[in-house]
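*Asks:* Just dropping this structure here.
The values are calculated or read from the model by the stated rules, or taken from the named source; none is laboratory data. In this text the structure is predicted, and so the values were computed from the model without any measurement. Because the Cβ atoms are built from the backbone with ideal geometry, glycine has one as well, and the counts that use them run over all protein chains shown.
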């Protein structure tokens, strides 16, 4: 079950650091630098061999990743803002530049170099991605404050039914 308490905790990427990773052509992580591991909250060995989308935050519209994959599969460089989810369900924003790695003229993997995003841009992109998800009919983010006794009842029922609270509420609607 995935009861999330840290989903609103942001980790900032330090100004003087970059996050670097490489993946195979299917998006499976083959390399991460120490900054990537530290910022994401994972140990390097927890990331290597996993799909890069292990970090996908639900606030990211599917169309952003479709554009990313269409671009890099066409052997072009993709650049854009990405909100990633940490292992502890917190998040961090990066400006990503993703391109191919070639050996003897053949595309063999992808590399991603990610840098910090200024606060104002993070806010702008959050609103933009919220609007895009809404237009595309994707999940909508909603925050609600419940009386503690209501929350405890939802939590208990979710545990009994082996579901997340989000899924339980969705099933009730």
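*Asks:* Tell me whether region 109-129 contains one or more residues that are under 20 Å from the mean Cα position of the chain (by Cα), outside the structural domain of residue 67 (by TED's automatic domain parsing) and over 30 Å from residue 31 (Cα atoms). Show your work before the answer.
*Replies:* Within region 109-129, the first condition is being under 20 Å from the mean Cα position of the chain (by Cα), and the residues that meet it are 110-129.
Filter once more, keeping what is outside the structural domain of residue 67 (by TED's automatic domain parsing): none.
No; the residues of region 109-129 include none that is under 20 Å from the mean Cα position of the chain (by Cα), outside the structural domain of residue 67 (by TED's automatic domain parsing) and over 30 Å from residue 31 (Cα atoms).
*Asks:* Could you check residue 158 against (1) more than 30 Å from residue 66 (Cβ to Cβ); (2) surrounded by 10 or more Cβ atoms within 10 Å (Cβ to Cβ); (3) out of contact with any helix residue (DSSP H, G or I) (no Cβ under 7 Å at 6 or more places or on another chain) and say which number it fails?
*Replies:* Just one mismatch for residue 158, condition (3).
*Asks:* Hey, can you tell me all the residues within region 131-173 that are closer than 22 Å to residue 60 by Cβ and in a helix (DSSP H, G or I)?
*Replies:* Scanning region 131-173 gives 131, 132, 133, 134, 135, 165, 166, 167, 169, 170.
*Asks:* Further question: Restricting the search to region 58-87, which residues are more than 21 Å from residue 24 (Cα to Cα) and part of a loop (DSSP other than H, G, I, E, B)?
*Replies:* Those that are more than 21 Å from residue 24 (Cα to Cα) and part of a loop (DSSP other than H, G, I, E, B): 58, 59, 60, 61, 86, 87.
*Asks:* Residue 14: buried (at least 16 other Cβ atoms within 10 Å of the Cβ), more than 22 Å from residue 140 (Cβ to Cβ) and touching a residue at least 12 places away in the same chain (Cβ under 8 Å), yes or no?
*Replies:* Working: buried (at least 16 other Cβ atoms within 10 Å of the Cβ): no; more than 22 Å from residue 140 (Cβ to Cβ): yes; touching a residue at least 12 places away in the same chain (Cβ under 8 Å): yes.
So residue 14 fails the test.
*Asks:* For region 35-79, give me each residue that is touching a strand residue (DSSP E or B) at 6+ places or on another chain (Cβ under 6 Å) and on the phi > 0 side of the Ramachandran plot.
*Replies:* Listed by number, the list holds a single entry, 75.
*Asks:* So, in region 27-57, exactly how many residues are without any contact (Cβ under 8 Å) to a residue 12 or more places away in the chain and part of a loop (DSSP other than H, G, I, E, B)?
*Replies:* The qualifying residues number 1.
*Asks:* In addition: I need every pair where a residue in region 94-122 that is in a strand (DSSP E or B) has its Cβ under 7 Å from the Cβ of a residue that is at pLDDT below 95 and exposed (fewer than 14 other Cβ atoms within 10 Å of the Cβ), sequence separation at least 6 or different chains.
*Replies:* none
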